[in-house]
Amino acid sequence: MTASAPITQDVHTIPRKLPEGGKINLVGLTRARLREVLIENGTAEKQAKMRTNQIWQWIYQWGVRDFAAMTNLSKAYRAELDEKFEVAIPEVVTRQISEDGTRKYLVRIAGGHEVEVVYIPEEGRGTLCISSQVGCTLTCTFCHTGTQKLVRNLTAAEIIGQVMMARDDLDEWPEPGTRTDQDQPRLLSNIVLMGMGEPLYNFENVRDAMKIAMDPEGIQLSRRRITLSTSGVVSEMARTAEEIGCQLAISYHATTDEVRDVLVPINKRWKLGSLLEALASYPKVSNSERITFEYVMLKGVNDSDADAHRLVGQIRDYGIPAKINLIPFNEWPGSPYERSSNNRIRAFADIVHNAGYSSPIRKPRGEDIMAACGQLKSATERARKSRRQIEAEAGMGNS
Ligand code: SAH
Ligand code: SF4
């Protein structure tokens, strides 16, 4: 991995309105809740539905934060809104742009905590990788975020706020009065919940935020363009299919319980058998196409031919429509594993491919700015565990 300095780094150059004391933030409320909040604060019940729709459109279709600019509302009503409410999203602290165009943002949320958001531009599209928690309760031994304790769950406002922040930075809000042109390629066309945290341990907030992202009168991303990645919280998967309906990715990473218990310790609670069963029923409920199996390639740990054969065997036995995303391990300071060689990764991919499954090898993006998968960790929450501790947990001894 390259250690070169990022091309650009702006510090505090994107001013954001910080939440002001006492005002209610309207961002992140469901439509139903927004209506209630307006009524509770003096909007006549008869008008509440229309007002909700109008305000919703300003906030999520046109990216407007200032009530004064919401010109289809009366001046007096705008002033009233401004007294009681605010439209606040996380503040951007730094933005780094990688040599390959990947953008990594450090955003500050209430309490002074920081989370990372990564934008990955691709030909004719672009993916935003967002965070759902500060830190993580789980302790996957190959993951940088896993060395950081859970600080707190993000609110729905902070989750959808990451998307709004990126749309600001990409200058991708349509002019007020117009709609996002669905025939044109979008800079921010896909969302992946693959940043910091386990999204299914913050279910309600993730759900409410993704509902907003999918709303046809707002950001208008199809549920097919939103992928939630989980380490395997089996108990929440049926709800994810029913209540969100987005695509699912599973951090699979190992084909035996013995190895997965170490790499993805949540496996001790839900073993491979129950995980595979839950994955098999997911697409039927959510009408999603295929489950993405994420598989991080760790030298000598999970990358043998036998692993590849077992992997496709398990997917086939359970009849899961799947694609397998092979992720070359991204190193981070003190990480106890090494990346498999390119030849090994290719050999593994060939076995999967020859068994009839798509097996793309994920190209690490933004490595020079530590924006690649699993490298995210907020600077404010520095190394909580020593290398020795990490190695001990990874079953590597102290040598
Ligand atoms: N908590 C969720 C989502 C965040 S992790 C989950 O575990 O699925 C997003 C993806 O990055 C997961 O597949 C995770 O296993 C992978 N990942 C974590 N650390 C990594 C690393 N160092 N190198 C490559 N991929 C990593
Ligand atoms: Fe948490 Fe996912 Fe990292 Fe595991 S891989 S520690 S679940 S963020």
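The values are calculated or read from the model by the stated rules, or taken from the named source; none is laboratory data. Just so we're clear, the structure is a prediction, and the values are computed from it rather than from any experiment. We place every Cβ from the backbone using ideal geometry, glycine too, and count neighbours over all the protein chains shown. SASA here: full protein model, heavy atoms, side chains in, ligands and nucleic acids out. Shrake-Rupley method; radii C 1.70, N 1.55, O 1.52, S 1.80 Å.
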Protection-proxy order for peptides 287-300, 336-349, 143-156, each taking the mean of Cβ atoms within 10 Å per residue, highest first:
143-156, 287-300, 336-349
Could you give me the percent of Cα pairs per 5 Å distance bin for segment 88-158, shortest bin first, beginning at zero and ending with the bin that holds the maximum distance?
3, 15, 22, 22, 19, 13, 4, 1
For segment 91-394, count all C-alpha to C-alpha pairs, find those more than 34 Å apart, and express that count as a whole percent of the total.
17
Based only on Cα atoms, what Rg/Rh ratio does segment 189-300 have, Rh being taken as Kirkwood's radius?
0.98
Give the aspartates and glutamates whose C-alpha is closer than 17 Å to that of K363, dropping any in the same chain fewer than 8 places away, or say none.
E99, D100, E122, E123, E294, E331, E338, D350
For the chain, accessible area per residue (1.4 Å probe, heavy atoms of protein chains only), Å²
42
Under unit Cβ charges (Lys, Arg +1; Asp, Glu -1), what dipole magnitude, rounded to 20 debye, does segment 93-198 have relative to its Cα centre?
460
Can you pick out the pairs among K211/K268; K149/K211; K211/K323; K23/K104; K284/K323 whose Cα atoms lie more than 23 Å from each other?
K211/K268; K149/K211; K211/K323; K23/K104
Would you mind working out the magnitude of the charge dipole of the chain relative to its Cα centre, with +1 at each Lys and Arg C-beta and -1 at each Asp and Glu C-beta, to the nearest 20 Debye?
420
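Note the full-extension length gain between D317 and E172 as 0.36 nm times their separation in residues minus their Cα-Cα distance, in nm to one decimal.
47.8 nm
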Quantify, in whole percent, the carbon and sulfur part of the accessible surface of segment 307-354 (1.4 Å probe; protein heavy atoms only).
42
Taking N as its residue count, the alpha carbon Rg of segment 24-86 over 2.2 N^0.38 Å:
0.97
